[in-house]
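Take a look at the structure set out below.
Rule-based calculations on the coordinates, nothing more; no lab input. Keep in mind the model is a prediction, meaning the values are calculated, not measured. Cβ atoms come from the backbone with ideal geometry, glycine included; neighbour counts cover every protein chain shown.
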Amino acid sequence: MKFVFICVTFFALCQISHQYVNLALGKHASISSRAHFWSRPELANDGDGGQVDTKCTQTVGNDTEAWWQVDLQGASILSVQITYADNSADTMAGFSVYVSDNSTHFRKGHLCFHHNASSLPALILEFQCRVHGRYFTFYNERRQDVKYPEAYSTYAIVELCEVEILGCERDEGGFTCLPCSASCKGGACDIETSDCLQCHAGYRGPDCTQECQNSTYGSNCSGRCGHCANDLTCEHVNGTCADGCQTGWLEPFCNSTCPVGYYGSTCDNPCSDKCKSPGQCDSVTGYCVGGCMDGWSGSLCTQQTNPSAVAVEEDTYTTEIVVGVIVGVLVLVIAIVVIVVFIRYIQRSDSRIIAHQKK
């Protein structure tokens, strides 16, 4: 009985392990350049791990950037093994591996591995890369503005002999060896634990079935709910408030106050034009910031202060202007009279002097 149990267990483990496949084998590959006519990019994923030149794909030897890429057509990766050409560790040094959903902008994808040591890497290297994606890219560079360790090659060169990518392929029903939750975004989950890698907006948890809590919403529950009316929390997917916003806040997310110059429950009440600072009032109450203009009072500056006194003050001001004008006119008239008298006096004096000279 014990023997049967061991056999059944072993058989089950074998079945599980055989679900992982070499995702790169035989898939379409491309390369940034070809050093030789026989340096086909498919040499790096043909299943032949030989490390001599004719078994490896190779780029030209004077580039600042070089890459090799394979289209996995959508897969869940567990681990990667890279076999590099003999005596070429200097060109391998400093390499990076990216997994992306875009073939052109692959550097914006997930960085699985980066060799950044001053010592040279092993020519056969294995590492974990638990991620979902379509394009696998081996990339290296030798920038002119960067000082690299002495052991590194001068130019960026790719000399790949074999790339084995262990993981699960994807078909119309999802990933072939993953019992992912139907709630996982894109049907993607961890290749070993089956935990969702990403949830749809508004959900969280290993299987993405729990709604966002603690006044959060959206992708990864990273959004914070605004000031919803009636102290309600916002909708867990899009963050909107079902009953609108608290007074002084703008819909639909209720996380922005009323525009300058307005206040109230719907932000459509203009601030009083009697505010000392024009258009400056509290977005909730409408109270003028800095108080009211002279002659006005009240929380909204809508009440005149002692209208009769204001009228008397205005009359007094008018009277002062009139008196000032009259005085000014009188001074001007007197000045003119004085000038005229003075001119006539001068003229008479001149006449007398002339008459005296004639005698």
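Please report the relative contact order for segment 169-297, taking Cα pairs under 8 Å with a sequence separation of at least 6, and give it as a percent rounded to a whole number. It comes to 12 percent, rounded to a whole number.
Taking a point 7 Å from the Cα of A117 along the Cα-to-Cβ direction, the residues of segment 140-162 with backbone N closer than 18 Å to it are 148-153. Residues V341, V163, ranked from the fewest to the most other C-beta atoms within 10 Å, line up as V341, V163.
Exposed loop sites here mean chymotrypsin sites (Phe, Trp or Tyr not before Pro) with a DSSP loop assignment and at most 15 other beta-carbon atoms within 10 Å; the chain contains its longest site-free run at 39-359. Relative contact order of segment 257-312, taken over Cα pairs closer than 8 Å and 6 or more residues apart, is 26 percent.
How far, in degrees from 0 to 90, does helix 2-17 lean away from the longest principal axis of the Cα atoms of the chain, to the nearest 10? Relative to the chain, helix 2-17 is tipped by roughly 50 degrees.
On the beta carbon distance between N220 and N62, with R0 = 41 Å, the FRET formula returns roughly 0.40.
Please give me, ordered by residue number, the trypsin sites (Lys or Arg not before Pro) of segment 129-222 that lie in loop per DSSP and have at most 15 other Cβ atoms within 10 Å. Filter output for segment 129-222: R143, K147.
What the Cβ-Cβ distance of H110 and A242 gives, at R0 = 56 Å and to the nearest 0.05, is a FRET efficiency of 0.90.
If one computes P(r) from the Cα atoms of the chain, what percent of pairs lie at distances over 25 Å? So the pairs more than 25 Å apart make up 73 percent of the total in the chain. Per-residue Karplus couplings for segment 76-90, computed as 6.51 cos²θ - 1.76 cosθ + 1.60 with θ equal to phi - 60°, are listed in order as 10, 9, 10, 8, 9, 10, 10, 10, 10, 5, 4, 6, 10, 4, 5 Hz, Gly and Pro entered as x. The residue among A35, A122, S299 whose Cα reaches farthest toward the positive pole of the charge dipole of the chain, with charges on the beta-carbon of Lys, Arg, Asp and Glu, is S299. Under the criterion of Cα pairs below 8 Å and six or more residues apart, the relative contact order for the chain equals 11 percent.
Kirkwood-type hydrodynamic radius, segment 257-312: 11.4 Å, calculated from all non-identical alpha-carbon pairs. Extension gain for V52 to I334 (0.36 nm times residue separation, less C-alpha to C-alpha distance): 89.6 nm. This model, with +1 at the C-beta of Lys and Arg and -1 at the C-beta of Asp and Glu, gives the chain a dipole about its Cα centre of some 2080 debye. Once the GluC sites (Glu not before Pro) in DSSP loops with at most 11 neighbouring Cβ atoms within 10 Å are cut out of the chain, the longest remaining piece is 193-359. The amide H of C129, built 1.01 Å from its N in the peptide plane, has S79, V80 as neighbours under 5 Å, considering only residues 5 or more places off or on other chains.
To the nearest ten degrees, helix 307-358 and the longest principal axis of the Cα atoms of the chain are 60 degrees apart.
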